[in-house]
Amino acid sequence: MGRSDVAVADARPSQYYEFSAITIKKRSLALFFLRLPVFVPFIFMARPWLELNPKATLTLVEADVLGSAGIFCLFVALSITPLITLTGAQWIAPLRRWYGIWFAVIGLADTTTAAITTDFAGGVFGRLAGHTFLLTGLFIITLAFPVLATANTPAQRKLGKYWKRLQRMTYVIWFFAVMHLLLLDGFKPFGADDGDGMPIFHQRFYQAIAISVPLIILRLPPVRRWITEQRAEGRQWLVWMTFAPLAVSSTWMLRASVAVYACTLSIGPISQSSRST
């Protein structure tokens, strides 16, 4: 081996390390930007909070902004494990805890604001549990609080095997979140006869179902094993071809829900008078 060969061999580790460093930086940067959406609802709510409910602004919009943001964070957190299963991209795993924590934080902010500002009769209790959809929302936050309190490494070490069992409470929260949207929105559009007769494209309950179905399927042990085997054998294309229809439907409904949320922010909130379940 000549001097030039030695120089090339010595240069390879350095080049590989630099490439790895760039990759790590790219992933860290990507994670940074992927974490930012959780702050959007606080930007919208900052002025009403600071101005102490001028002209009943908090009363009218807090549920639409904070409630929708909380559901968004929940589904993003629930999507991380299926995405890792499909792609093997373990580097996105921190987003699961991040969005799970902010789901609980936004939910607590929503509950606190609602308890003070909404117009439901019966005082604080009536504002939090005076209707079935309010009661399910309160139950969700009650369940989310211990999950939030233990979403850290010291708690994981102290609780041991019980930590994972406690974190599985997320699936119960998932179920009640869908039920909350059903009780809130119902099967028909708000205004019934005044709607366009196509609630399945606009109701958040149907959107939640469309997003949940692929996430449930991708969590089934036989499905996860099959995907892992196909990826190990280099047949990632077969995985994508198999699950593309589910991904398309879920993505389309997620885009529809974002559009509904954006319209709510731009043209005004859903009337509370229609929420009488």
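Every number here is computed from the coordinates shown, using simple stated rules; none is lab data. Source: prediction; values computed, not measured. Cβ atoms come from the backbone with ideal geometry, glycine included; neighbour counts cover every protein chain shown.
So the values come out like this:
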quantity	calculated
Residue exposure sequence - SER212, SER28 - by fewest surrounding Cβ within 10 Å	SER28, SER212
Selection of trypsin sites (Lys or Arg not before Pro), the range 131-171, meeting DSSP coil and at most 11 other Cβ within 10 Å	ARG168
